[in-house]
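The values are calculated or read from the model by the stated rules, or taken from the named source; none is laboratory data. Because the structure is a prediction, the values reported are computed rather than measured. Cβ atoms come from the backbone with ideal geometry, glycine included; neighbour counts cover every protein chain shown.
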Ligand code: PLP
């Protein structure tokens, strides 16, 4: 089955490269290729393209160009934020606070840091996946150097009140990082309004190329370099830049920002319509995450008694791509830490699907996917699974 016949409903996992982004990238892979550090004309042309992209991206998030550092994606940005700040502020303390529903790019990094004497506090979340400001206030200590709480969750779509959380962290003298990988390009993200010191983003979540992202670091923030070598990225992240990907990322982000209101409205209505379609025929369903404060095209739905992974494969056979938990963790059959943290019963957690719409989806795809899902669920109950 070709991609054209597939109904792709897994935009939180990755998104297709925008044709304009590919077009903007091609010259830097072919004719205009060059090393941005070279001093001759071709190097200068390529350097200008990188700096133009930095300017464009910084404008999209309300930052200054010199506060944007290009990376290989969300994972690197998250790792760098944690390790870089921890290393720079080692003498001030070794306590870090994160939420219990962070992506593994944060959680596994924290796990590794424990071996180097760092103490990590994992904040609980409410049943809708929200971190309470009071819980953060109670966890902050004089030796807390960094708080890292994601802007929007990749499994249940819940959006946090980052500005309130950052304010309380700052009041106690800690820096604040947010993993905004699922948010950038999909909801308004302004680093000043959020009040954060560091923010991670990844191009492939907003129709840019895979393997490219950025870390926003507020001017004056203490952070150690990530890679050592050449003087690229202001001497903070050595290595020849992925020029074409950086240019593609900027093009994709600018397009998303210029289309943001329309995209948000469309995706919200798609998510609502899909939910209505399912609940009309299927009564025993649970929708996870915050009803109001959530990513526009994001649905996390639990069918208690069903096997989410089996549902996923049956849907795949019928040409519908969805996810069970986080795609980055698809080899892990354990119940997702996010679903556990919101207190979902095992029976419901195992029967959970993540359905995420994107701007390329059509209404016809939504209706077809809904009907296919209902037919797959019906087949399951015929075979004796719980209805
Ligand atoms: N953070 C969140 C919230 C994510 O959803 C992901 C990817 O799914 C990442 C980090 C990792 O990003 P990347 O795939 O660019 O390394």
Exercise. Give segment 4-21 a look and list any residue that's touching a helix residue (DSSP H, G or I) at 6+ places or on another chain (Cβ under 7 Å), over 9 Å from residue 207 (Cβ atoms) and part of a loop (DSSP other than H, G, I, E, B), or say none.
Key: 9, 13, 14
Quiz item: Within segment 188-205, is even one residue within 13 Å of the ligand (Cβ to nearest atom), over 25 Å from residue 19 (Cα atoms), touching a helix residue (DSSP H, G or I) at 6+ places or on another chain (Cβ under 8 Å) and modelled with pLDDT of 95 or more?
Solution: yes
Practice problem: Tally the residues that are outside any loop (DSSP other than H, G, I, E, B) and under 24 Å from residue 60 (Cα atoms), restricting the search to segment 216-245. | Solution: 10
Exercise. Please name all residue pairs, on different chains or six or more residues apart, with Cβ atoms under 7 Å, provided the first residue is in segment 70-88 and is under 17 Å from residue 196 (Cα atoms) and more than 12 Å from the ligand (Cβ to nearest atom) and the second residue is in a loop (DSSP other than H, G, I, E, B) and at pLDDT below 95.
Key: 84/226
Quiz item: Could you count how many residues in segment 243-257 are surrounded by fewer than 22 Cβ atoms within 10 Å (Cβ to Cβ) and touching a strand residue (DSSP E or B) at 6+ places or on another chain (Cβ under 7 Å)?
Solution: 0
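Taking segment 77-101, which residues are in contact with a strand residue (DSSP E or B) (Cβ under 7 Å, 6 or more places away or on another chain) and either farther than 18 Å from residue 140 by Cα or assigned to a helix (DSSP H, G or I) (or both)?
Filtering segment 77-101 for residues in contact with a strand residue (DSSP E or B) (Cβ under 7 Å, 6 or more places away or on another chain) gives 77-78, 80-82, 85-86, 89, 92-100.
The answer is 77, 78, 80, 81, 82, 85, 86, 92.
For the condition more than 22 Å from the chain's Cα centre (by Cα), modelled with pLDDT of 95 or more and over 30 Å from residue 322 (Cβ atoms), what is the one hit in 43, 62, 84, 117?
Working: 43 fails: modelled with pLDDT of 95 or more; 62 fails: more than 22 Å from the chain's Cα centre (by Cα); 84 fails: more than 22 Å from the chain's Cα centre (by Cα).
Residue meeting the stated conditions: 117.
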Quiz item: Are any residues in segment 171-215 closer than 20 Å to residue 360 by Cβ and assigned to a helix (DSSP H, G or I), and if so, which ones?
Solution: 203, 204, 205
Practice problem: Being within 16 Å of the ligand (Cβ to nearest atom), in contact with a strand residue (DSSP E or B) (Cβ under 7 Å, 6 or more places away or on another chain) and within 21 Å of residue 126 (Cβ to Cβ) narrows it down to one of 295, 344, so name that one. | Solution: 295
Quiz item: Which numbered condition trips up residue 108, out of (1) within 16 Å of the ligand (Cβ to nearest atom); (2) in contact (Cβ under 8 Å) with a residue 40 or more places away in the chain?
Solution: (2)
Quiz item: Going through segment 110-159 one residue at a time, which ones are closer than 21 Å to residue 190 by Cβ, in a loop (DSSP other than H, G, I, E, B) and in contact with a strand residue (DSSP E or B) (Cβ under 7 Å, 6 or more places away or on another chain)?
Solution: 130, 131, 149, 150, 151, 157
